[in-house]
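Take a look at the structure below.
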Amino acid sequence: MYRFDHDKRRWDKLGPTPQELRWNEFYSTYIPQWKSHLISTMKKGFFRFDVPGRTLTPIESPEALVRCQSLSYDKTNMLVLALATRKVDKHRRTALPWMLDVETQKWQKMNPKGRAPVGQTTEAWATCWYDPEHNVHLLINCVRRDRQQLFDGGITEVWAYRYKNAAERPGRRRPGALLTPTHPNVRYGPHERNVLDLYLANSAVPTPLVLYIHGGGFRGGDKKNLNPNEAKSLLEAGFSIAALNYRLTDTAPAPAAYLDCARALQFLRYNAFKWNINTKLVASTGGSAGAGTSMWLAFHDDLANPESDDPIARQSTRLTCIAARNGQSSYDPRFAEKIGIPRPNFERHPFFEPFYGIGPDEIDTPHAYERYERAAPITHLSKEDPPALLTYNYPNEGVTERTSLGLIVHHPKFGIALKEQMDRLGIGCIVQYQDPQSDQLIRHTRNAQTVTPVEFIRKHFTRAAGRLK
């Protein structure tokens with residue numbers, strides 16, 4: 001394996017080729033959020049290759065992708081398009097597109113019926129790449145004509161794929177379904193990422209506010225990942241939305257992201273009159289890192305400082321409720337082990353050390369343990385805290401050595417453990433996760449209907465408004 005040094009204009013050998021990649025045909029694409037390469041092989045599946053550490057980690061993938069022929073990274077939506085082929089008959093193959101969510105490391109078919117959007121057949125190969133300017137994947141399909149050789153009368157088809165047949169998954173921004181903020185890139189702090197997009201509901205009276213905090217392992221992501229369909233539902237319900245950016249761990253470790261989002265909330269409350277916002281009714285939503293941040297805001301003591309000379313700092317950070325997706329009630333590997341996720345768990349994820357600002361030799365030290373406690377939302381839980389809806393796109397199943405890293409760090413067990421403590425304190429908490437049989441959401445422990453974030457938030461806004469009268 002070799003690496004091309006652009007500055008020195010030369011190839012450098014990385015060392016011996018890993019055993020898994022020898023005598024194999026493979027493709028790769030670089031994933032900035034991972035700071036690693038995603039590698040597909042024809043025989044042995046998918047791997048994540050960390051260049052500095054020279055480590056190769058298997059990634060769980062569908063059997064249908066055993067003949068993956070191309071990878072295309074979409075940095076706008078943090079997705080990878082993998083193009084595989086399947087034999088139809090003696091002379092034909094059909095192209096099968098799959099999508100990998102970089103954040104959760106979950107695979108999904110690009111259309112429900114598995115038909116190729118890139119033409120009917122491919123005899124030799126197909127390839128794809130992402131066009132960020134037009135937000136489409138370009139796919140090339142090569143087909144034989146009259147059973148001649150590919151380069152002797154072959155046909156090359158070029159297609160643009162716009163996700164139009166992709167199964168919609170809650171929490172994921174769908175390209176093309178754009179939503180324009182009423183006030184884009186409003187600055188709430190000094191850092192370049194201390195900006196928010198404000199979407200105001202049309203109302204003659206002050207509107208409730210819903211925060212959207214993006215995911216990305218505290219290492220990536222953007223406020224533009226706001227799901228436009230979910231946002232539209234919130235706006236139609238009469239709720240304004242503030243989508244927040246915050247400092248990432250390449251700038252500062254925890255609790256920087258937490259404190260930035262708290263400051264954004266205080267800033268919004270301070271400017272409530274200008275934007276027609278009801279400061280008494282504020283909820284928070286988000287996925288993964290955004291879910292954990294929503295939990296931390298919900299359970300942490302009020303950060304308002306009544307004695308401050310800064311009028312924004314005097315504003316409250318308390319919430320009415322949260323509706324979080326794939327959230328972690330703690331990022332402590334000891335806590336994860338206690339609830340049934342054996343170690344190593346969080347330590348395996350690239351977010352872990354930058355999030356805490358520690359090195360690999362500090363993971364099991366008193367210094368690190370103190371940081372784990374402070375950063376864990378569940379540490380701060382008390383009986384005065386608001387209710388929570390915790391939804392997971394994963395099944396509640398046992399963890400083994402073959403369990404994907406995506407499930408390990410987004411396991412419903414984190415929500416169930418939080419619910420048990422909230423139940424003891426008399427705080428409302430709903431946990432719902434994927435049923436492995438039906439692939440549908442189900443409620444934990446109760447035979448009841450699942451709840452959407454909009455329904456949950458509306459219910460608790462209505463209750464809170466009633467108490468204010």
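No value in this document is a laboratory result; all are computed from the given coordinates. What you see is a predicted model; the values in this text were computed from it and never measured. A quick note on method: Cβ atoms are made from the backbone with ideal geometry, for glycine too, and the neighbour counts reach across all protein chains shown.
Some values worked out for this structure:
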| item | result |
| --- | --- |
| Distance from segment 416-469 to segment 336-405 (C-alpha centre basis), Å | 22 Å |
| Nearest-0.05 FRET efficiency for residue 467 and residue 222, computed from C-beta distance (R0 41 Å) | 0.70 |
| Net charge over other residues, Cβ less than 14 angstrom from the Cβ of residue 245 (K, R count +1; D, E count -1) | +2 |
| Set 413/459; 106/413; 338/419; 106/338; 383/419 screened for pairs whose C-alpha atoms are more than 20 Å apart | 413/459; 106/338 |
| Order of 463, 219, 269 - criterion: other Cβ atoms within 10 Å of each residue's Cβ, fewest first | 463, 219, 269 |
| Ascending count of other beta-carbon atoms within 10 Å, so fewest first, for 28, 72, 240 | 28, 72, 240 |
| log₁₀ of I(q)/I(0) at q = 0.15, 0.16 Å⁻¹ - segment 248-308, Debye sum with one point per alpha carbon | -0.52, -0.59 |
